[in-house]
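The values are calculated or read from the model by the stated rules, or taken from the named source; none is laboratory data. Quantities reported herein were computed from a predicted structural model and do not represent experimental measurements. Here the Cβ is made from the backbone with ideal geometry for all residues, glycine too, and neighbour counts use every protein chain on show.
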């Protein structure tokens, strides 16, 4: 579990979308912070590439990964980027579930946003 998440986050940092795809189950399901849903490996990879690739000076810092009962994991992290002339950092918690082969089968994203 921890190894697949380390590979997932490393691939995201490097914008290595084929490597990221290798960490995902074919039928992965992502629920985003706005209750947006993405189903399927390629749809999820395409989504991340479309969202992350254009971000200026993107950084992803993982504070910790914890196993949870039932075989899932929680990752506490922050994503930072330059936006509107300033550095922005967004603390997040991601909830993961895995398939029988140890690939990521579900991702749920919870983001904390600074006030407007």
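What number of residues within the range 52-63 satisfy the criterion of being closer than 14 Å to residue 13 by Cβ and either in a strand (DSSP E or B) or without any contact (Cβ under 8 Å) to a residue 40 or more places away in the chain (or both)? Going through the range 52-63 one residue at a time, the tally reaches 8.
Comparison of 66, 30 shows that the only residue that is outside any helix (DSSP H, G or I), over 13 Å from the mean Cα position of the chain (by Cα) and either surrounded by 15 or more Cβ atoms within 10 Å (Cβ to Cβ) or without any contact (Cβ under 8 Å) to a residue 12 or more places away in the chain (or both) is 66. If you go through the range 1-27 and pick out every residue that is over 12 Å from residue 105 (Cα atoms) and part of a loop (DSSP other than H, G, I, E, B), you end up with 2. For the range 34-57, does any single residue satisfy the condition of being over 30 Å from residue 115 (Cα atoms) and at pLDDT below 95? No, the range 34-57 has no match at all. Residue 81 fulfils the conditions (1) free of Cβ contacts under 8 Å to residues at least 60 places away in the same chain; (2) buried (at least 16 other Cβ atoms within 10 Å of the Cβ); (3) part of a strand (DSSP E or B); (4) under 14 Å from the mean Cα position of the chain (by Cα) except for a single criterion, (4). Only residues that are farther than 19 Å from residue 39 by Cβ, in a strand (DSSP E or B) and either at pLDDT 95 or above or touching a helix residue (DSSP H, G or I) at 6+ places or on another chain (Cβ under 6 Å) (or both) were counted in the range 92-116, giving 3.
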